[in-house]
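The values are calculated or read from the model by the stated rules, or taken from the named source; none is laboratory data. Computed from a predicted model, the values in this text were never measured in an experiment. When we count neighbours, we look across all protein chains shown, and the Cβ atoms used for this are built from the backbone with ideal geometry, even at glycine.
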Amino acid sequence: MTLTHPTTSLDALIGIPFTHERVLITTGIRSGLVITVAVHSTRLGQALGGARLWQYENWTDAVADALRLSAAMTLKNAAAGLNLGGGKSVIHLPFDTELSEAERRDAMLDLGDAIESLNGAYMTAEDVGTNAELMAVVKERTDHVCGLPAASGGVGEPADATAAGVYASVLATLDALFGSREVSGRHIVISGLGQVGGRLATALATAGARLTVSDVNLDKQQVAAGLGAAWVPVDEVHHVPADLFVPCGLGGVLTARVIGELNVLGVVGAANNQLAQPEGAAQLDARGILWAPDFVVNAGGVIYLALASEPNADLAVVAERVDAIGDVVAQIFTDAREQGITTLAAAERLAAARLDAARPE
Ligand SMILES: NC(=O)c1ccc[n+]([C@@H]2O[C@H](COP(=O)([O-])OP(=O)(O)OC[C@H]3O[C@@H](n4cnc5c(N)ncnc54)[C@H](O)[C@@H]3O)[C@@H](O)[C@H]2O)c1
């Protein structure tokens, strides 16, 4: 028998070094879907990260996404000061697949079994394509799940906390740029008016900001009108001259071209993985644009899920921890300036210092 060798190495496919503690790739016994549970690190505690149910061309693309996203969760949880590691699960939906309610339920039960087999190394929550109701289904097979609906005794979805953390980061960025946290009169451009962007836009409008907004979903023009915000098409949004650009849509928005065309002093938003390439951090720096690293800015949701789920949680304390994201952002700006490094490098150093301090004997 002749073995044919693959033309693409796993390394080239995934594009990041393999530094994961454990990865489970399994075919769901009920759903037949490929489920990846990637535990990147448990050095600081149980790995926490959401479950993504998403379409990918190949199952290997879903595995690659799980590996990248779980590594990012390690950084996010460490920088947020949580005693939690990084993990993520991804359920691969082949292109053009629509799941019925029953099939979606099967996928969640399969996910629960996969998580349970890891004996507590990983805790899941909602993410893109999943929600609090689906987490209640996962709960039928494992206790290692949070973010259940309030009606099931859970803490619900985290968008309020994420938006509050982004708001605190906006204030820290204004302070670093202008020596004032005053929002009133500042021109802020928000791209993406979903769960987080919509809440943030409302809070900023209420505080007196002048808003320009955009979304691929044109129905959101009504939201813009209600807020008294100007509307621009998505392909023009990054050209708008303003104080801040706030990406709250999908990741990868900061390409080399977009960074080259930005007309703002700072970028601070909820979207995950904003930099299309890591070099984008240096390009922003070279253009004199202050970038607040996304994994620090958008940690409010994970802080809320982790701390509000603890027994006897005090929600006022949780809100303070979310608000303190602004202090972390300010510290990263200071570290970057004093050490002559990018804000991305400063944020990564902060996370690495926590992880190094927890290195096993
Ligand atoms: N929800 C949370 O608690 C949370 C936590 C951490 C990070 N994030 C990240 O924040 C971002 C927004 O999350 P969300 O929960 O508000 O999602 P959402 O799906 O509710 O909203 C996203 C919005 O962005 C719009 N959009 C999509 N692509 C766009 C584009 N190219 N340009 C402009 N608009 C676009 C969508 O139409 C939608 O209105 C995502 O990147 C998400 O991963 C969210």
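A few remarks follow.
- Subset of the stretch 187-197 (residues that are within 14 Å of Ala164 (Cα to Cα) and surrounded by fewer than 20 Cβ atoms within 10 Å (Cβ to Cβ)): Gln195
- Verdict on Gly208 being under 25 Å from Asn131 (Cβ atoms) and not hydroxyl-bearing (Ser, Thr, Tyr): no
- Filtered by the rule that a residue be hydrophobic (A, V, I, L, M, F, W, C) and under 17 Å from the mean Cα position of the chain (by Cα), the stretch 286-306 gives Trp291, Ala292, Phe295, Val296, Val297, Ala299, Val302, Ile303, Leu305, Ala306.
- Residues (assigned to a loop (DSSP other than H, G, I, E, B) and more than 23 Å from the chain's Cα centre (by Cα)) located in the stretch 342-361: Ala358, Arg359, Pro360, Glu361
- Candidates Val155, Val170, Val128, Val183: the one that is among the β-branched types (Val, Ile, Thr), closer than 30 Å to Asn263 by Cβ and buried (at least 23 other Cβ atoms within 10 Å of the Cβ) is Val170.
- Residue match in the stretch 204-216 (condition: away from the ligand (no atom under 16 Å from the Cβ) and under 25 Å from Leu344 (Cα atoms)): no
- Reported count of residues in the stretch 293-348, each being under 16 Å from Gly49 (Cα atoms), among the small types (Gly, Ala, Ser) and surrounded by 20 or more Cβ atoms within 10 Å (Cβ to Cβ), is 5.
- Residue under evaluation Asn263, criteria (1) within 12 Å of the ligand (Cβ to nearest atom); (2) not in a helix (DSSP H, G or I), criterion not met: (1)
- Qualifying residues in the stretch 280-291 (those that are of a type outside the set (A, V, I, L, M) and touching a residue at least 40 places away in the same chain (Cβ under 8 Å)) - the one farthest from the ligand (Cβ to nearest atom): Asp285
- So Gln277, is it polar (S, T, N, Q), more than 28 Å from Arg199 (Cβ to Cβ), modelled with pLDDT under 95 and more than 16 Å from the ligand (Cβ to nearest atom): yes
- Among residues of the stretch 318-354, those that are charged (D, E, K, R) and either in contact with a Lys or Arg (Cβ under 6 Å, 6 or more places away or on another chain) or without any contact (Cβ under 8 Å) to a residue 12 or more places away in the chain (or both), counted: 3
To keep it simple, each residue is scored yes or no on (1) within 11 Å of the ligand (Cβ to nearest atom); (2) farther than 22 Å from Ala336 by Cβ.
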| residue | (1), (2) |
| --- | --- |
| Asp160 | yes, yes |
| Val166 | yes, no |
| Glu182 | no, yes |
| Ser191 | yes, yes |
| Gly194 | yes, yes |
| Val234 | yes, yes |
| Pro241 | no, yes |
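- The residues listed here are Ala107, Ala136; of these, the one that is under 24 Å from the mean Cα position of the chain (by Cα), in contact (Cβ under 8 Å) with a residue 40 or more places away in the chain and on the phi < 0 side of the Ramachandran plot is Ala107.
- Here Arg104 meets each of (1) outside the structural domain of Trp59 (by TED's automatic domain parsing); (2) more than 27 Å from Phe333 (Cα to Cα) with one exception, condition (1).
- For the criterion of being assigned by TED's automatic domain parsing to the domain that holds Leu290 and buried (at least 16 other Cβ atoms within 10 Å of the Cβ), Val232 passes.
- Yes/no for Gly87 being in a loop (DSSP other than H, G, I, E, B), closer than 30 Å to Arg321 by Cα and either at pLDDT 95 or above or among the acidic types (Asp, Glu) (or both): no
- From Val318, Val297, Val322, residue being within 15 Å of the ligand (Cβ to nearest atom), closer than 20 Å to His187 by Cα and modelled with pLDDT of 95 or more: Val297
- Restricting attention to the stretch 146-158, the residues being within 8 Å of the ligand (Cβ to nearest atom) and in contact (Cβ under 8 Å) with a residue 40 or more places away in the chain number 1.
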